[in-house]
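A short worksheet on the structure shown next.
The values are calculated or read from the model by the stated rules, or taken from the named source; none is laboratory data. All of these numbers come straight from a predicted model, not from anything done at the bench. Because the Cβ atoms are built from the backbone with ideal geometry, glycine has one as well, and the counts that use them run over all protein chains shown. Remember, those area values only see protein heavy atoms, side chains included, never the ligands or the DNA or RNA. Shrake-Rupley method; radii C 1.70, N 1.55, O 1.52, S 1.80 Å.
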Amino acid sequence: MSETPSLLTTEVPRVSPLQAENIAAQIYGLEGSAQVLGGERDSNFCLTTLSGRAYMLRFVNPAEVPEEVDFQTAILSHLARRDSQLPVPRLQESRSGELTPQVSVAGQNLTLRAVSYLPGTAQFQVPRSQTLMRELGDTLARLDIALSDFEHPGAKRDLLWDISDMSRLEGWIPHLTDPEQRHTISRVLDIHQQKVVPASRFLRKQVIHNDLNAHNVLVKSADPQRLAGIIDFGDALRAPLINELATALAYQLDSQGENLFQYCRPMIAAYTARQPLSEAEQHVLPELVASRLALSLLIAQHRAVLYPQNRDYILRNQAHAWGSLSRLMTLSFSQTGEIFSQSCTSEWPYREQKC
């Protein structure tokens, strides 16, 4: 991704709650109260209307390429057609029938997108359970199957959050202050170059969500073992399909528990019941999980220096990422691969077998 301008270096659009409320009323005819939501690069609000319905308003970062804005909108439109029962946000048309109207806010020309606000609690706020992991794995597989025939010019993005290419981040390693982190992440990048890159030509490729972390997974507030929704398609792109599962697993490693993989096993079993893995995909899954954790550490620490005012949000996953990566790297990748392989099943939840 180019750094000038860049989604990771361009300031988040400056929009106040009052401005968001006025724009929602004008553009969508929605009267309500807006509350600020966290965002790494866009300005986001939850708008609760007088009737009690809620919407998420996203004022898109001006560095976003218009084709990619359309791409993210098209994803949600496609999912609504292909699997209307998927728990993902639904697009809201403007009063004039637009899905991405253009608005002016204090001299900023911004693209706006409104979607239904899914009720629920972010997964990171509740204890994990194997029941939830099975449901999440199954739903992620449904999502990927629904996207398997989706194509769009904006899908081929040069995104730093793409674990297909880690070489561009090698220059950031010296900026890490912890010698152990520098050593570990250097090792991950070397192994990625030696094993993952050559295997890339054998991997299935399609559009994927690419950011299934515990902040983008919602659970039902009354029953945290049940999935309520998957949100935030801002990092979606065309990439190897196995990157999807690797990214999701990276955020579900139990860095504090006795069994690092206790929540990964049911997720893998449920995912592969609908979406079996090829031999080539199984072969690189452990390395890609490590790559995602290393990527998270490198990008977040780099951005925290650039934007200290948003430091807390940017670094929200760092303790987990480093704890998980450091424990994962105490095992050989062949050991981790065997654990992952044993978790695969074609008949979940009734019987487990190797992929």
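Within the stretch 146-166, residues that are under 24 Å from GLU40 (Cα atoms) and in a loop (DSSP other than H, G, I, E, B) reach partners that are among the basic types (Lys, Arg) and open to solvent by less than 20 Å² (accessible area, probe 1.4 Å) with beta carbons closer than 8 Å, at six or more positions or on different chains, in the pairs ILE163/ARG292. The residue that is surrounded by the most Cβ atoms within 10 Å (Cβ to Cβ), counting only those in the stretch 296-337 that are under 21 Å from the mean Cα position of the chain (by Cα) and of a type in the set (S, T, N, Q), is SER324. Would you please list the contacts, defined by Cβ atoms under 7 Å and residues six or more apart or on different chains, that run from a residue in the stretch 282-301 that is touching a residue at least 40 places away in the same chain (Cβ under 8 Å) to a residue that is hydroxyl-bearing (Ser, Thr, Tyr) and assigned to a helix (DSSP H, G or I)? Matching pairs, first to second residue: GLN282/SER341; PRO286/THR336; ARG292/THR247; LEU293/SER324. Is it the case, given these coordinates, that GLN85 is in contact with a helix residue (DSSP H, G or I) (Cβ under 7 Å, 6 or more places away or on another chain), open to solvent by 20 Å² or more (accessible area, probe 1.4 Å) and polar (S, T, N, Q)? Judged against the criteria, GLN85 is not a match.
Can you find a residue that is of a type in the set (S, T, N, Q) and surrounded by 15 or more Cβ atoms within 10 Å (Cβ to Cβ) anywhere in the stretch 166-177? No, because not a single residue in the stretch 166-177 is of a type in the set (S, T, N, Q) and surrounded by 15 or more Cβ atoms within 10 Å (Cβ to Cβ).
Considering the stretch 213-260, there are no qualifying strands (runs of 3 or more DSSP E) wholly inside with 2 or more residues that are touching a Lys or Arg at 6+ places or on another chain (Cβ under 7 Å) and open to solvent by 40 Å² or more (accessible area, probe 1.4 Å). All of (1) closer than 30 Å to VAL60 by Cα; (2) touching a Leu at 6+ places or on another chain (Cβ under 6 Å) hold for ARG204 with one exception: (1).
When ARG157 is tested against (1) more than 19 Å from LEU143 (Cα to Cα); (2) modelled with pLDDT of 95 or more; (3) within 16 Å of the chain's Cα centre (by Cα), exactly one condition is not met: (2). Residues in the stretch 30-46 that are more than 19 Å from ASN310 (Cα to Cα), touching a Pro at 6+ places or on another chain (Cβ under 9 Å) and open to solvent by less than 60 Å² (accessible area, probe 1.4 Å): ALA34 only.
Of ILE27, ILE75, all but one fail to be open to solvent by less than 20 Å² (accessible area, probe 1.4 Å) and either at pLDDT 95 or above or more than 16 Å from THR111 (Cα to Cα) (or both); the exception is ILE75.
Which one is modelled with the highest pLDDT, of the residues in the stretch 1-14 that are touching a strand residue (DSSP E or B) at 6+ places or on another chain (Cβ under 9 Å) and open to solvent by 20 Å² or more (accessible area, probe 1.4 Å)? Per the criteria, the residue is ARG14. The single condition among (1) open to solvent by less than 20 Å² (accessible area, probe 1.4 Å); (2) under 19 Å from the mean Cα position of the chain (by Cα) that ALA269 does not satisfy is (2).
When residues in the stretch 63-96 are screened for being in contact (Cβ under 8 Å) with a residue 40 or more places away in the chain and either in a helix (DSSP H, G or I) or of a type in the set (A, V, I, L, M) (or both), 18 of them pass. Scanning the stretch 97-119 for residues being in a loop (DSSP other than H, G, I, E, B) and either surrounded by 15 or more Cβ atoms within 10 Å (Cβ to Cβ) or modelled with pLDDT of 95 or more (or both) gives a total of 7.
Restricting attention to the stretch 37-59, and to residues there that are touching a helix residue (DSSP H, G or I) at 6+ places or on another chain (Cβ under 7 Å) and at pLDDT 95 or above, which single residue is nearest to VAL69 (Cα to Cα)? So, considering only residues that are touching a helix residue (DSSP H, G or I) at 6+ places or on another chain (Cβ under 7 Å) and at pLDDT 95 or above, the one nearest to VAL69 (Cα to Cα) is LEU57.
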